[in-house]
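Everything on this sheet refers to the single structure shown next.
The values are calculated or read from the model by the stated rules, or taken from the named source; none is laboratory data. For clarity, every value in this text was computed on a predicted model and none was experimentally measured. Here Cβ is always computed from backbone atoms with ideal geometry, including for glycine, and neighbour counts include all displayed protein chains. These accessible areas exclude ligands, DNA and RNA; they are computed on the full protein's heavy atoms, side chains included. Shrake-Rupley method; radii C 1.70, N 1.55, O 1.52, S 1.80 Å.
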Protein chains: 2
Amino acid sequence: MAQQVSTPKGTRDFGPAEMNRRNYIFNTIKEVFHNYGFSQIETPAMENLSTLLGKYGAEGDKLLFKILNSGNFTDKISKESLDAQNYIEITNNISEKGLRYDLTVPFARFVVQHRNDIVFPFKRYQIQPVWRADKPQKGRYREFYQCDVDIIGSKSLFNEFELIQIIDDVFAKLGISVTLKLNNRKILSGIAEAIGEADKFVAITVAIDKIDKIGLEKVEDELRANELSEDAIVKLRPILTNKSNTDETFKLIESIIGNTETGKAGIEEMNVIFGYIRDHKLGINVELDLSLARGLNYYTGAIFEVKANDVEIGSICGGGRYDNLTGIFGLKDVSGVGVSFGADRIYDVMTQLELFPKQTDEYSTALLVNFGENEERACIEIAKKLRKEEISCIVFPEKSKLDKQFKFANSHNIPFVIIVGESEIANGTATIKNMATGEQTTIPQDKITDFIK
Amino acid sequence: MAQQVSTPKGTRDFGPAEMNRRNYIFNTIKEVFHNYGFSQIETPAMENLSTLLGKYGAEGDKLLFKILNSGNFTDKISKESLDAQNYIEITNNISEKGLRYDLTVPFARFVVQHRNDIVFPFKRYQIQPVWRADKPQKGRYREFYQCDVDIIGSKSLFNEFELIQIIDDVFAKLGISVTLKLNNRKILSGIAEAIGEADKFVAITVAIDKIDKIGLEKVEDELRANELSEDAIVKLRPILTNKSNTDETFKLIESIIGNTETGKAGIEEMNVIFGYIRDHKLGINVELDLSLARGLNYYTGAIFEVKANDVEIGSICGGGRYDNLTGIFGLKDVSGVGVSFGADRIYDVMTQLELFPKQTDEYSTALLVNFGENEERACIEIAKKLRKEEISCIVFPEKSKLDKQFKFANSHNIPFVIIVGESEIANGTATIKNMATGEQTTIPQDKITDFIK
């Protein structure tokens, strides 16, 4: 009896069908990154806990998967800490490595560690899994891929525009209709200043971030809970409820924060970025959205968020400018900007809208039927020629019922079945069945490659 | 001051140059796998320890990286086990997941878990990192990639031949001259029987496995230590020292084990496999090598090992037939055969023999020089056209000294620099510098794509 075996909670196997589709997404994204001259890097799954701890807040520290030190660690567990149930202290003593939680902190570590070998501006991308000990739920996994692209070591707003071009190209290639929302942390900062609550900047951005999810009333409750004055809340309201187009929004924000220094700088930045967008035609719709805040506090300039137009699923890509990412490791003044593509959500959107090309479901292009020793020998030679032309094909590995072999072809969505029986061998021909139409054609063996192409 | 940061002991970052080369290897291997109709799967980095423990021997259990359970685990640590320094018991109580140690056991778990969805024969490949808490040393890492390809659910020896074809194609594409050594566990079993030591089969294969490393004398010492009779050792000697060609080796082994049942079956299998090799021309040299044993005891039939002809580095690919892999999870009678490509060693061989194509060192095909706002605008449009043709190019992200921009092109091995200055804009031209030859050509802007192609 087979045992009940399973993957750990919150993790997944990807079988051939899913992998074909996932690879289609990753390869499309990679192609675009390469077109823009970005290079791939990879970092280890494990990082020293000293690298990871304290970078994601106290909650994040708890969500790190920690790896037990090898060997006998018992002398590292003190009776006192055990009595006090101080598991955090014990953890620190018996574990010094953790699984990466995102790609951002490892990237910052990479840049600091290799700073003398890197020629800036450094254009890198990284596609690897990350792990979080979150409570698993629908659409939230303990292992999932992130797909990050960043330019680091250049303050030019050209880079913001380049990321916008990349977003445009990726979603055009994938066939997903999207809207790109832009905002700027300096504008948000200017707003906090203009409403007289500069010191409540973080609380304000956190609240703004939730407007789509919880609505105006609850956001205002939260602002009150954070001790914002009623005056400030009233002043903030036109921004929270703004639904104007980009030009009108520029005017609104100009009128509110145009006289604050940071706010003015933010408006200028966004003018440059929207200038690029005007000058160079894009396929996607881009909006200035003042309610966009992005949760992460390391952003300092432009922020990005992409939403699918035809599926309700939250953002499928997002990012922004950070002026001090490597600062967490003591390396100052290295500004960067980047976005991250959410592969799992993109997968869901494409599945829902049936956007995967038919070929992603095909395991191979042709199946060569195996009738026995002689026929197999002929098939091996035909297969050789197909593969020389990079056409994928499968010789069925043993003589077996035709029925079974055709079932195999069907279940693997193989579009062509090639039949080389006794009479075909005698005539130097092959019969090719088109599995979609059912049509059968008998042709000379040296024409098979052309036929299938 | 930047902090001293580093990856954990035994793990590595892969920067752009290494990733380009690694991707060249992985993509070449994947291409071949696809040509033969293999499908990719991925399994999670973490497996339940119940899946992993006991599958790699007591030593393997120690080398598993174990993940600490989340939350407060202190009540799972008993004072008694702490007093007894029983860290294995404590580990079992505070850790229930581990990092995968190889791809074979997770694959067996995958097949058992998804057996009702899989249409056999199942042709799968898997390229993912594995982790072992080994003592790190030159060439041995705690995180490294494995690259496995298997056909499972078919006993036909055609599959053995297909793997040989794959090995042939992969190393031909990579340009590495190799020798493939073949043997068969049933032949080894027959030998143990013929020399009257059938019950010492494991000790004999382990000893044979070391003949290349430690020589005849030490192997015989080890056999004596395992209580093989002197008579048996003498009978084994012609096999251990055999250096004949494949035909002679077939005769030798026929004379020694032709009358044992298992031995005879092994010889028959190898006759079929070498029959395939004779019938269908291969590029690589294939030898029957009786001293090949492969350490892993789950092999039951043919075994494979590939060595580079021009670099001393041990095997760069190996595998074999296993009749009972999923048996570890209670699912019987699922026979499979597979090989694993050693990406790290292949990388070292290719580096040493300088086999990587020049393009793998190029970060991008063209750099467009940035002279300021107007010129940048023209460059963005030119870059768009190049990228539409999937030509990678970089617009330097800010106006800066020509010197710095050329240095960037050089350090990134970019073969073409495209210069669009004031006069070029006026004339609708661009000047292209070939960085290898130093040659400069001025051409109309709409001819750039063709020129670079």
Mind checking the mean number of beta-carbon atoms from other chains within 10 Å of the Cβ atoms in B:324-336?
2
How much accessible area is lost when chains B and A come together, counting both sides, with a 1.4 Å probe, in Å² rounded to the nearest 100?
9100 Å²
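What are the GluC sites (Glu not before Pro) within the range B:333-378 that DSSP puts in a loop, where the Cβ has at most 12 other Cβ atoms within 10 Å? Don't jump to the answer; show the numbers that get you there.
Working: sites: B:Glu354, B:Glu362, B:Glu373, B:Glu375, B:Glu376; in loops: B:Glu354, B:Glu362.
Within the range B:333-378, the qualifying GluC sites (Glu not before Pro) (loop, at most 12 other Cβ atoms within 10 Å) are B:Glu354.
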A:Lys181: which lysines have alpha carbons under 20 Å from its alpha carbon, excluding same-chain residues fewer than 8 sequence positions away?
A:Lys173, A:Lys210, A:Lys213, A:Lys243, A:Lys251, A:Lys264, A:Lys281, A:Lys307
What whole-number distance in Å separates the alpha-carbon centres of the range B:311-373 and the range A:339-390?
21 Å
Over 31 Å (Cα to Cα) - which of A:Lys97/B:Lys138; B:Lys399/B:Lys453; B:Lys138/B:Lys404; A:Lys138/B:Lys388 fall in this group
B:Lys138/B:Lys404; A:Lys138/B:Lys388
Could you list which residues have their amide H under 5 Å from that of B:Asn184, counting only those 5 or more apart in sequence or on another chain, with H placed in the peptide plane?
B:Ile303
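Return the loop-located trypsin sites (Lys or Arg not before Pro) in the range B:335-408 (DSSP other than H, G, I, E, B) with at most 12 other Cβ atoms within 10 Å of their own Cβ; answer none if there are none.
Passing sites in the range B:335-408 are B:Lys401.
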What do you get for the angle between helix A:261-279 and the principal long axis of chain A? Use alpha-carbon atoms, 0 to 90 degrees, nearest ten.
30 degrees
Taking a label point 7 Å out from Cα toward Cβ, give me the nm distances from B:Lys155 to the same spot in the other copies, shortest first, one decimal.
7.4
Taking R0 as 22 Å, what's the FRET efficiency between A:Glu268 and A:Lys210 from their Cβ-Cβ distance, rounded to 0.05?
0.20
Cα centroid separation, the range A:90-132 to the range A:21-86 (Å):
8 Å
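In peptide A:271-280, what is the residue-averaged number of other protein chain Cβ atoms found within 10 Å of each Cβ?
Details: counts 0, 0, 0, 0, 1, 3, 0, 0, 5, 5.
What the average comes to for A:271-280 is 1.
Given the range A:362-452, what percent of its DSSP beta bridges are antiparallel, to the nearest 5?
Numbers: 9 of 15 bridges.
Here the share of antiparallel DSSP bridges comes out near 60 percent.
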Using Cα centres only, tell me the gap between the range A:196-257 and the range B:154-175 in whole Å.
64 Å
Rg and Dmax in Å for the range B:362-452, alpha carbons only: what are they?
11.7, 31
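Can you list which of the trypsin sites (Lys or Arg not before Pro) found in the range A:32-138 are DSSP loop residues with at most 12 other C-beta atoms within 10 Å?
Filter output for the range A:32-138: A:Lys138.
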May I ask for the angle, rounded to the nearest 10°, between helix B:158-174 and the longest principal axis of chain B, with both axes built from Cα atoms and the value confined to 0 to 90°?
40 degrees
Residues whose built amide H sits under 5 Å from the amide H of A:Thr429, excluding neighbours closer than 5 in sequence, are A:Gln445
Whole-Hz Karplus couplings 3J(HN,Hα) for the range A:369-377, θ = phi - 60° and coefficients 6.51, -1.76, 1.60, Gly and Pro as x, run 5, 9, 9, x, 3, 4, 5, 4, 4
Per the helix-only calculation at 222 nm, which mean residue ellipticity applies to chain B, given -39500 (n - 2.57) for every DSSP H run of n ≥ 4 and division by its residues, nearest 500 deg cm²/dmol?
-13000 deg cm²/dmol
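How many percent of the accessible area of the protein assembly as shown is carbon or sulfur, using a 1.4 Å probe?
Details: 17800 of 38350 Å².
Of all accessible area on the protein assembly as shown, carbon and sulfur atoms account for 46 percent.
Mind checking B:118-124 for the average number of partner chain beta-carbons within 10 Å of each residue's beta-carbon?
Working: counts 3, 7, 1, 6, 2, 6, 3.
Rounded to a whole number, the mean comes out at 4.
Write down the percent of antiparallel bridges among all DSSP beta bridges whose residues are both part of the range A:178-309, to the nearest 5.
Details: 7 of 11 bridges.
Restricted to the range A:178-309, the bridges split so that about 65 percent are antiparallel.
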Which whole-number value in Å² is the accessible area per residue of chain B, probe 1.4 Å?
42 Å²
Rounded to the nearest 10, the angle in degrees between the Cα long axis of helix A:246-257 and the longest principal axis of the Cα atoms of chain A comes to 30 degrees
Can you say what percent of the DSSP beta bridges in chain A, counting only those with both residues inside, are antiparallel? Round to 5.
80 percent
